[in-house]
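Visitor: First the structure, then my questions, so here it is.
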Amino acid sequence: MSAKVRDWMHRDVRTVREDLPLAELDHRFLADRVTGFPVVAQDGALIGLVSRSDVIRQLSVEHTWAETLSDYYTDWSGFDSTVPSLTEIGERTGRRLEERTVADVMAREPITIDPDDALSKAAGILVEKRFHRLPVIEKGRIVGILSSLDIARHVAERG
């Protein structure tokens, strides 16, 4: 008999809401010692996934935005007296980041798996999509989370 997702998933699923500020999300990553969360609506329905990679990607976008602005204003500084200083650009970027929430960076419409699916099916999805975790859904509700580490644990215990 093949291993089932339900046998290896984590049932204690920690979730976040889409309106959670990114600064608080970072604290949750550290406090819960995880690198990603399912994102749920107020009614508990799964609406997305968010990971540290998503936050890093947003930081990179903000960094590029700040660099582009500072380069633009440096190049045009002789033409306009209303040019912001590099400090002002940095402050604007900081304010933009403070305003960002989970909704700004999360992956929407996540791929999910059923608890009765074979673990090999979940492994195939993780490899094909290059994901690290899959929400486990039963009757429209999240009942678990399966990570690539859970699959590695299964292989290690079998061998």
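The values are calculated or read from the model by the stated rules, or taken from the named source; none is laboratory data. Fair warning: this is a prediction, and the values are worked out from it, not measured in the lab. FYI the Cβ positions are ideal-geometry reconstructions off the backbone, even for glycines, and counts take in every protein chain you see.
Visitor: Looking at the stretch 29-53, I want the residues that are modelled with pLDDT of 95 or more and have a partner that is loosely packed, with under 11 Cβ neighbours inside 10 Å and assigned to a loop (DSSP other than H, G, I, E, B) with Cβ atoms under 8 Å, at least 6 apart or on another chain. Which pairs are those?
Guide: Gly48/Glu109
Visitor: Which residue, of Glu62, Glu18, is at negative phi and modelled with pLDDT of 90 or more? Show your work before the answer.
Guide: Working: Glu62 fails: modelled with pLDDT of 90 or more.
Sole residue among the options that is at negative phi and modelled with pLDDT of 90 or more: Glu18.
Visitor: Okay, moving on. Filter the stretch 114-151 down to the residues that are in a strand (DSSP E or B), over 16 Å from Val50 (Cα atoms) and β-branched (Val, Ile, Thr) and list them by number.
Guide: Restricting attention to the stretch 114-151, the residues satisfying the condition of being in a strand (DSSP E or B) are 118, 133-138, 141-147.
Keeping just the survivors that are over 16 Å from Val50 (Cα atoms) gives 118, 137-138, 141, 143.
The answer is Ile137, Val143.
Visitor: Please enumerate the residues belonging to the stretch 3-21 that are in contact with a Leu (Cβ under 7 Å, 6 or more places away or on another chain) and farther than 14 Å from Leu49 by Cβ. Even if it seems obvious, please write down each step before you answer.
Guide: We begin by selecting, within the stretch 3-21, every residue in contact with a Leu (Cβ under 7 Å, 6 or more places away or on another chain); these are 3-5, 8-9, 16.
Residues satisfying the conditions are Ala3, Lys4, Val5, Trp8, Met9.
Visitor: For the stretch 1-46, give me the residue count where each residue is in a strand (DSSP E or B) and surrounded by 19 or more Cβ atoms within 10 Å (Cβ to Cβ). Step through it out loud before you land on a result.
Guide: The first filter runs over the stretch 1-46 and keeps only residues in a strand (DSSP E or B), leaving 4, 10, 16-17, 21, 36-40, 46.
Then drop every residue that is not surrounded by 19 or more Cβ atoms within 10 Å (Cβ to Cβ), which leaves 16, 36-40, 46.
Residues flagged as in a strand (DSSP E or B) and surrounded by 19 or more Cβ atoms within 10 Å (Cβ to Cβ) within the stretch 1-46 amount to 7.
Visitor: Among the residues of the stretch 130-153, which ones are surrounded by fewer than 18 Cβ atoms within 10 Å (Cβ to Cβ), touching a Leu at 6+ places or on another chain (Cβ under 8 Å) and under 15 Å from Ala3 (Cβ atoms)?
Guide: Matches in the stretch 130-153: Ser148 only.
Visitor: Right, here's the next one. Any idea how many residues of the stretch 120-141 are in contact with a Ser or Thr (Cβ under 8 Å, 6 or more places away or on another chain) and either polar (S, T, N, Q) or at pLDDT below 95 (or both)?
Guide: The number of residues fulfilling the criteria is 4.
Visitor: Return yes when Arg108 is within 26 Å of Leu25 (Cα to Cα) and either over 22 Å from the mean Cα position of the chain (by Cα) or at pLDDT below 90 (or both) and no when it is not. Explain how you work it out, then say what you get.
Guide: Details: within 26 Å of Leu25 (Cα to Cα): yes; either over 22 Å from the mean Cα position of the chain (by Cα) or at pLDDT below 90 (or both): no.
When the stated conditions are applied, Arg108 does not pass them.
Visitor: Ile89 passes all but one of (1) at pLDDT below 85; (2) under 19 Å from Gly36 (Cα atoms); (3) of a type in the set (A, V, I, L, M, F, W, C); which number fails?
Guide: With respect to (1) at pLDDT below 85; (2) under 19 Å from Gly36 (Cα atoms); (3) of a type in the set (A, V, I, L, M, F, W, C), Ile89 is out only on (2).
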